[in-house]
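Data first, discussion second: the structure below is written as structure tokens.
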Amino acid sequence: MKLVTVVGARPQFIKAAPLGRALRALPGVQEVLVHTGQHYDDTMSAVFFRELDLSPPAYHLGVGSGSHAAQTGAMLPALEAVLLAEQPAGVIIYGDTNSTLAGALVAAKLGLPLAHVEAGLRSYNRAMPEEINRVVADSLATLLFCPSPVSAVNLAREGITSGVSVVGDVMYDAVLAAAARSRDRPTLARLGVQAGGYVLATVHRAGNTDNPARLGAIVQALNDLREPVVFPVHPRTAKALAALGHPLAAHVQPIAPQGYLDMIALERGARLILTDSGGVQKEAYWLAVPCVTLREETEWVETVQQGWNRLVGTDPAAIRTAVATFQPTGTPPPVFGDGHAAQQIAAVIGQAWGGSKQPC
Ligand code: UD1
Ligand code: UDP
């Protein structure tokens, strides 16, 4: 059984690693990995292929950056050519990026079975480009893999019940696989910080970086904190910060985007995490690190309901107060599966597509 996996952005490399491993363990499965080229810096792409157990891309489409239409549009004919050449039994897409959208459109138009990993997530905010990508991917997918019961309920509200499985979150599988390897790394010492002695911040959501008032408020809030802040800066954010011209205070340490193992080490060592990332909110939860989210809503509502994530938006006073006072206690319960989501997904795919190759 030949499968095509479409990835292109940082979190998708991380999500594709555990499922790739589980698929390779199934007899007779060949995974053809297609990298759209949406992310291309070494620190946004190649580092994950070096660190994680990922097959090298069989195809690299080299699409690069652009407007939503230009970037997604460039992916379509290139992906179509790959799928026509490979004639896979099905296509696997992850999450909610423009690479997800392109994979969904091309597979559906060719009549190929389509599996969406991380199905059913909703922010109910259509101003987010990701929300549009998710809604399209979920309405076209034939297999929908939900990380929690909440996402299956979201799908049911939209009338999507067929092909839906609640399997847990492949990012949890990835964190568990990286936990021991990340412990040996000298990440904190290299940055001159101590475990429990700093705040880790990440910002990259377009709604924050592309709005100077919101980005300025976040910078103000980081500058107002009275403890070290380690800040791995996404390239989108680096450009926006340069344009904003609002300098970071000395206690805020901007660093290059980190590889996955260093990032997990930094998350585990943080006293608290400030972020607008989807993946980082969940990793904070799994690592039992308090998370303050720089957004008004989240798709990962369980992290808030369980008391380990607080949504504050970008008001500097609200951020300062949350950073100073938010101290969840106890252990976050396992609401995103048991760390074996990838095996469950592979089993469902093997069963559903094992004998179902259809010509494009
Ligand atoms: C994308 C996803 C977002 C996801 C994020 C993960 C969409 C619409 N957005 O956002 O859902 O959370 O990836 O990180 O798909 N750039 C570089 N080098 C790179 C990659 C990007 O310099 O390797 C810069 C370019 O200026 C580019 C900008 O970052 O224009 C934004 O990149 P893009 O892939 O369009 O969106 P992200 O913000 O990364
Ligand atoms: N990540 C990383 N290095 C960084 C920042 C994030 O390895 O410098 C990892 C992070 O641990 C998580 C994933 O990238 O696994 C989240 O990706 P991102 O925040 O870019 O996107 P989102 O999850 O919001 O779509």
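Brief remarks on what is shown
- Residue within the stretch 278-293 that is closer than 22 Å to L191 by Cα, over 19 Å from the mean Cα position of the chain (by Cα), surrounded by 16 or more Cβ atoms within 10 Å (Cβ to Cβ) and within 16 Å of ligand 1 (Cβ to nearest atom) present: no
- Enumeration of residues in the stretch 169-225 that are within 16 Å of ligand 1 (Cβ to nearest atom), in a loop (DSSP other than H, G, I, E, B) and without any contact (Cβ under 8 Å) to a residue 40 or more places away in the chain: D210, N211
- Sub-7 Å Cβ pairs linking a first residue in the stretch 17-41 that is within 16 Å of ligand 1 (Cβ to nearest atom) to a second residue that is at pLDDT below 95 and assigned to a loop (DSSP other than H, G, I, E, B), at least 6 apart or interchain, are A17/D53; A17/L54, ordered by first then second residue.
- Within the stretch 219-240, the set of residues being of a type outside the set (D, E, K, R) and within 15 Å of ligand 2 (Cβ to nearest atom) comprises V229, V230, F231, P232, V233, H234, P235, T237, A238, A240.
- Failed condition for A240, given (1) surrounded by fewer than 16 Cβ atoms within 10 Å (Cβ to Cβ); (2) among the small types (G, A, S); (3) farther than 26 Å from D53 by Cα: (1)
- Selection count where residues are crowded, with 17+ Cβ neighbours inside 10 Å and more than 12 Å from ligand 1 (Cβ to nearest atom), scope the stretch 58-73: 2
- Looking only at residues of the stretch 294-326 that are more than 21 Å from D169 (Cα to Cα) and small (G, A, S), we find that the one that is nearest to ligand 1 (Cβ to nearest atom) is G313.
- Tabulated pairs, the stretch 117-138, first part of a strand (DSSP E or B), second hydrophobic (A, V, I, L, M, F, W, C) and modelled with pLDDT of 95 or more, C-beta under 8 angstrom, 6+ apart or interchain: V117/L19; V117/I92; V117/I93; V117/F145; V117/V170; V117/I345
- Of the set (1) surrounded by fewer than 19 Cβ atoms within 10 Å (Cβ to Cβ); (2) among the polar types (S, T, N, Q); (3) within 16 Å of ligand 1 (Cβ to nearest atom); (4) under 20 Å from Y59 (Cα atoms), all apply to Q87 but (3).
- Residue within the stretch 203-213 that is within 16 Å of ligand 2 (Cβ to nearest atom) and over 18 Å from the mean Cα position of the chain (by Cα) present: yes
- The residues of the stretch 257-305 that are within 22 Å of R236 (Cβ to Cβ), of a type in the set (S, T, Y) and more than 10 Å from ligand 2 (Cβ to nearest atom), listed by number, are T293, T298.
- Those residues of the stretch 15-67 which are touching a helix residue (DSSP H, G or I) at 6+ places or on another chain (Cβ under 6 Å), within 17 Å of G103 (Cβ to Cβ) and either basic (K, R) or part of a helix (DSSP H, G or I) (or both), in sequence order: K15, L19, L23
- Residues being of a type in the set (S, T, Y), surrounded by fewer than 23 Cβ atoms within 10 Å (Cβ to Cβ) and away from ligand 2 (no atom under 13 Å from the Cβ) - total across the stretch 1-57: 2
The values are calculated or read from the model by the stated rules, or taken from the named source; none is laboratory data. Since the model is a prediction, treat every value here as computed from it, not as a measurement. All Cβ positions, even for glycine, are placed from backbone atoms using ideal geometry, and neighbour counts span all protein chains on display.
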